Amino acid sequence: MVYLTRIILEKIKKRTRRYLKEGFRDSLRIFVSGGAGGNGLPKFGGAGGKGGDVIVEAKEGITLDTVFKSNVSKRFLAKPGKHASHNFILGPPGEDVTFDVPVGVTVYTELGKKLGELNQEGEKLVIAKGGTGGHAKNGFLGTRGQVYHIRLDLKLIADVGLVGFPNAGKSTLLKAISDAKPKIASYPFTTIKPNLGVINYNDLRQISIADLPGLIEGAYRNRGMGHEFLKHVERTKLLLMIVDINGFQLNHQYPHRSCLETIMLLTKELELYNEELLDKPSMLLINKMDSEGAEHLFNNIKGQLKELNNFISQYEENMRPSRLLTFSHIIPISAKEDRSDIELVKNKLRTLLDVVSENEQLENNESYDLYGEVTKPLKERGPKLI
Ligand SMILES: Nc1nc2c(ncn2[C@@H]2O[C@H](COP(=O)(O)OP(=O)(O)OP(=O)(O)O)[C@@H](O)[C@H]2O)c(=O)[nH]1
Ligand SMILES: [Mg+2]
């Protein structure tokens, strides 16, 4: 009997663990300590070795969960530098500890000071410096290395970020447009962790797209899933807002919000999280156009959609944002039923992303002075006589 109970308990334990492992980890707290510097040797003027550093390196294809599993103690300690000795007047330095983290990680100390971010594969960051070795100037005493509790905060890096109220059809769109297989259901908050998908084009171009849990009114006050996941759209190049033509109602205790109201409310939540999100290039999709009465509803709001900015003052103050996103396109679609709509969205996303990256390049490059290039040698040596 005891034996049987033990087996059953083992099974329950295992299942619970597996369930926990499935969670999406976008933040990890670790302890890091740089090695102490070795002591010097006053008698011979010897210097102690420098303590090792703790270094992180960005790597594609790994998750914060991988980091956690690679070192469950979550302690990363670099080796101390060796003391100077008769044989080693200069004490050898302590070994560094280097470990991989996902691309897109920002490193914070426990006091919230940002130590840096890693956005490219291969980028490195020293997160705890080793102490200096003891030598004549510091009384031959090695110093301690930096010691921190550190938070690794992961922001997904995707080209496109999907934002919308629950049930708007974000995951349905993600499934139709990309290789991802998200869960879809007719109740709110089906998606509880961010999902990444890749949109594939015939010429092998790929665009990544992130589906986030639905936002609701008051998310900034931590209602619903809160604002927590909006950090993932901060780094996307493009916002793809998706709303239901029929509007949204969380349940009968809350007011029904029309399609236009959901656009205002979503924008307001984005603004409350970070006003700069409103400057991002964006597109708006009005979904579920196949549902009954959708055409009629759409025709009624068509005029207002074209000039949203002119209608913003009609809304109650607590509902309206100070300004709106500048949508490059507003497209009525049926994410579930109409394949041609999906193709249209796919192509528009690509075109818009191309424009965005072209603009970025123009901003980054100093304009090439063709006239200067031609006239400079002329000024220096005068015209060439033929
Ligand atoms: N009629 C119709 N229903 C749709 C369409 N797109 C999505 N739905 C339905 O709307 C419901 C919600 O779809 P999801 O894709 O799970 O919505 P979501 O925005 O991901 O929702 P959360 O994850 O809860 O935030 C599902 O029952 C879908 O089948 C559409 O174009 N037309
Ligand atoms: Mg979803």
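The values are calculated or read from the model by the stated rules, or taken from the named source; none is laboratory data. What you see is a predicted model, and the numbers here were worked out from it, not measured in a lab. We place every Cβ from the backbone using ideal geometry, glycine too, and count neighbours over all the protein chains shown.
Take LYS193 and tell me if it is assigned to a loop (DSSP other than H, G, I, E, B), touching a helix residue (DSSP H, G or I) at 6+ places or on another chain (Cβ under 7 Å) and among the charged types (D, E, K, R).
No: the conditions fail for LYS193.
Out of GLY49, GLY34, report the one residue that is over 24 Å from ARG151 (Cβ atoms) and modelled with pLDDT of 90 or more. It would help to see each step written out before you state the result.
Values: GLY34 fails: over 24 Å from ARG151 (Cβ atoms).
From the options GLY49, GLY34, the qualifying one is GLY49.
Which ones in the stretch 306-341 are charged (D, E, K, R), exposed (fewer than 10 other Cβ atoms within 10 Å of the Cβ) and over 17 Å from THR262 (Cα atoms)?
ARG339
Only one of THR172, THR190, THR143 is of a type in the set (S, T, N, Q) and over 20 Å from GLU337 (Cβ atoms); which?
Exactly one residue qualifies, and that residue is THR143.
With respect to LEU156, determine if the residue is outside any loop (DSSP other than H, G, I, E, B), within 16 Å of ligand 2 (Cβ to nearest atom), within 26 Å of ASP354 (Cβ to Cβ) and aliphatic (A, V, I, L, M).
So LEU156 fails the test.
In the stretch 248-255, is there at least one residue being closer than 24 Å to PRO182 by Cα, within 15 Å of ligand 1 (Cβ to nearest atom) and touching a helix residue (DSSP H, G or I) at 6+ places or on another chain (Cβ under 7 Å)?
yes
Which one is surrounded by the most Cβ atoms within 10 Å (Cβ to Cβ) among residues in the stretch 165-182 that are in contact (Cβ under 8 Å) with a residue 60 or more places away in the chain, assigned to a loop (DSSP other than H, G, I, E, B) and near ligand 2 (Cβ under 9 Å from one of its atoms)?
Per the stated criteria, the residue is ALA168.
Tell me, which residue of the stretch 190-229 that is more than 16 Å from ligand 1 (Cβ to nearest atom) and among the aromatic types (Phe, Trp, Tyr) is surrounded by the most Cβ atoms within 10 Å (Cβ to Cβ)?
Going through the qualifying residues, I end up with TYR220.
Specify the residue that is farthest from ASN251 (Cα to Cα); the eligible residues are those in the stretch 140-189 that are in contact with a Phe, Trp or Tyr (Cβ under 9 Å, 6 or more places away or on another chain) and more than 12 Å from ligand 1 (Cβ to nearest atom).
Once the filter is applied, the top-ranked residue is VAL147.
Looking at THR109, is it surrounded by fewer than 21 Cβ atoms within 10 Å (Cβ to Cβ), polar (S, T, N, Q) and in contact with a Leu (Cβ under 9 Å, 6 or more places away or on another chain)?
On the way: surrounded by fewer than 21 Cβ atoms within 10 Å (Cβ to Cβ): yes; polar (S, T, N, Q): yes; in contact with a Leu (Cβ under 9 Å, 6 or more places away or on another chain): yes.
Yes; evaluated as a whole, the condition is true for this residue.
Suppose we filter LEU324, LEU285, LEU297 for residues that are assigned to a loop (DSSP other than H, G, I, E, B) and in contact (Cβ under 8 Å) with a residue 40 or more places away in the chain; which single one remains?
None of the others qualify; the one that does is LEU324.
Being surrounded by fewer than 18 Cβ atoms within 10 Å (Cβ to Cβ) and not in a loop (DSSP other than H, G, I, E, B), is that true of even one residue in the stretch 245-262?
No: the stretch 245-262 contains no residue that is surrounded by fewer than 18 Cβ atoms within 10 Å (Cβ to Cβ) and not in a loop (DSSP other than H, G, I, E, B).
Go through the stretch 196-225 and count every residue that is under 21 Å from LEU272 (Cβ atoms), assigned to a loop (DSSP other than H, G, I, E, B) and more than 16 Å from ligand 2 (Cβ to nearest atom).
4
Does the stretch 231-246 include one or more residues that are more than 20 Å from ILE342 (Cα to Cα) and either within 16 Å of ligand 1 (Cβ to nearest atom) or not assigned by TED's automatic domain parsing to the domain that holds PHE327 (or both)?
Yes, the stretch 231-246 contains at least one residue that is more than 20 Å from ILE342 (Cα to Cα) and either within 16 Å of ligand 1 (Cβ to nearest atom) or not assigned by TED's automatic domain parsing to the domain that holds PHE327 (or both).
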